[in-house]
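Read-outs throughout are calculated quantities, based only on the coordinates presented, and are distinct from any laboratory measurement. It should be emphasised that the depicted structure is a prediction, and the values quoted were computed from it without experimental measurement. All Cβ positions, glycine included, derive from the backbone under ideal geometry; neighbour counts span all protein chains shown.
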Amino acid sequence: MRGVAVLGSTGSIGTSTLNVLRRHSERFRLVALTGGTNEGLLAEQVAEWRPAFSGLASTAGPACLLEAATHPDADVVVNAVVGFAGLPATLAALRAGKRVALANKESLVVAGDLVRAAAREGGGELIPVDSEHSAVLQCITGRESGIRRLILTASGGPFRCWPVERLAVATVEEALNHPTWRMGNKITVDSATLANKAMEVIEAHHLFGLSYDAVEVVVHPQSIVHAFVEFADGSVLGQMGFPSMELPILYALTHPDRVPDQGQRPFDPVAAGALTFEAVRRDVFRAFHAGVEAGRAGGTAPAAFNAANEVAVGAFLAGRIPFGRISEVIEQVLAGHSAAAATSLEAVRAADALAREHALRFLA
Ligand SMILES: NC(=O)c1ccc[n+]([C@@H]2O[C@H](COP(=O)([O-])OP(=O)(O)OC[C@H]3O[C@@H](n4cnc5c(N)ncnc54)[C@H](OP(=O)(O)O)[C@@H]3O)[C@@H](O)[C@H]2O)c1
């Protein structure tokens with residue numbers, strides 16, 4: 001039986017992970033849980049699972065994430081914390097030699113090189129939970145050489161066809177009305193700006209060791225095909241299924257094996273209907289373009305991108321800025337950012353703090 005720690009157990013990915021673990025109790029044992037602020041839900045989870053360790057970050061402090069991430073009984077750490085706050089636990093778990101099932105994409109965005117170094121140093125293993133990257137991993141497992149290009153799909157979010165003037169004043173309710181996925185609020189807004197897809201491009205660059213030119217994005221409103229992989233001979237494999245995070249979570253726990261599971265809606269190509277693909281409207285979804293450029297610039301630029309985005313999305317969700325300001329704040333912060341080498345957690349933290357300060361100034 002493999003021990004599993006779930007960080008961010010009170011969120012969307014966290015609760016989906018517990019659903020998966022409930023179906024596979026003969027394979028996995030839950031050993032640690034952490035929540036952020038939702039004391040009531042964490043208490044219910046602790047009562048159900050009786051883990052060896054549990055912690056609520058808002059009262060116990062961020063150290064509880066590190067304790068759960070390095071728990072001696074945990075073989076796999078599911079990092080389902082949202083935002084920069086998830087990074088130290090990713091690094092600690094990898095240094096402790098754990099498998100990290102990574103939903104917290106921000107870890108790779110802000111400190112991709114450090115995360116990979118931590119895995120090398122500690123013998124840890126990084127397995128993506130994001131459905132697109134899980135799709136890539138499922139396509140390339142057993143055929144790791146000769147990968148020429150990845151094409152990640154994006155649903156396009158709720159504003160896929162909106163004119164730019166209408167998009168600028170979109171409401172919180174409209175932004176949270178995602179057409180195909182039910183997720184936490186921050187990633188749902190990131191999906192509406194397409195900042196999320198820029199993060200996924202950066203994530204793919206680090207996970208699969210490909211140049212930015214080899215990672216493309218296409219809009220696919222039905223969210224049935226999660227990614228395509230093109231090989232050196234021109235052959236293309238894709239992975240598909242009805243949208244559900246439980247399959248990528250299960251695969252991150254069992255990779256490279258597949259285990260029988262009754263939790264997925266059986267695939268039905270007729271019910272899936274016509275599958276369509278469109279180019280990303282880069283001139284409209286400016287946060288996507290800014291994020292990919294930050295990834296290309298490297299160093300601390302992606303950390304600045306992420307920090308500006310976190311601050312702007314927080315302000316949007318609090319009703320303090322209109323939707324259109326999110327991408328403007330990101331662009332303003334990146335324009336003023338002098339990228340430095342991201343060679344330590346301290347350097348990344350400093351870049352994150354400075355970019356947050358700048359973003360707050362632009363919001364004032
Ligand atoms: N949801 C999806 O379908 C999906 C798909 C792919 C990738 N992801 C990625 O997975 C991560 C989680 O997404 P989500 O949708 O599950 O978000 P979510 O529903 O907002 O859940 C976030 C979790 O993190 C906890 N948390 C928040 N701030 C924290 C802090 N400072 N310290 C410790 N814990 C903190 C929350 O605790 P409380 O709720 O108790 O405050 C909650 O348990 C994100 O990085 C997202 O991009 C999500």
Residue count, the range 53-95 (criterion: part of a helix (DSSP H, G or I) and among the charged types (D, E, K, R)): 2
When (1) buried (at least 23 other Cβ atoms within 10 Å of the Cβ); (2) within 12 Å of the ligand (Cβ to nearest atom) are applied to S58, the one that fails is (1)
Residues of the range 22-52 being in a helix (DSSP H, G or I), farther than 17 Å from A68 by Cα and away from the ligand (no atom under 13 Å from the Cβ), in sequence order, are R22, R23, A47, E48
Any residue in the range 256-274 that is among the aromatic types (F, W, Y), within 23 Å of Q222 (Cα to Cα) and under 18 Å from the mean Cα position of the chain (by Cα)? no
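Hey, any hits in the range 276-290 for a residue that's exposed (fewer than 12 other Cβ atoms within 10 Å of the Cβ) and over 17 Å from V201 (Cβ atoms)? I'd like the intermediate steps shown before the answer.
Initially, the range 276-290 is screened for residues exposed (fewer than 12 other Cβ atoms within 10 Å of the Cβ), giving 276, 279, 283.
If we keep only those that are over 17 Å from V201 (Cβ atoms) as well, we get 276, 283.
Checked the range 276-290: at least one residue is exposed (fewer than 12 other Cβ atoms within 10 Å of the Cβ) and over 17 Å from V201 (Cβ atoms).
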Testing V259 on (1) assigned to a helix (DSSP H, G or I); (2) farther than 30 Å from L363 by Cα; (3) of a type in the set (V, I, T), one condition comes back false. Which one is that? (1)
Select from the range 1-13 the residues that are under 16 Å from H71 (Cβ atoms) and buried (at least 22 other Cβ atoms within 10 Å of the Cβ) and list them in ascending order. V4, A5, V6, L7, G8, S9
What tally of residues in the range 16-50 results from selecting those that are aromatic (F, W, Y) and free of Cβ contacts under 8 Å to residues at least 60 places away in the same chain? 1
Since A214 meets every condition but one in (1) more than 25 Å from N19 (Cβ to Cβ); (2) within 13 Å of the ligand (Cβ to nearest atom), which condition does it not meet? (2)
Considering (1) in contact (Cβ under 8 Å) with a residue 60 or more places away in the chain; (2) not in a loop (DSSP other than H, G, I, E, B), say which one E121 fails and leave the rest. (1)
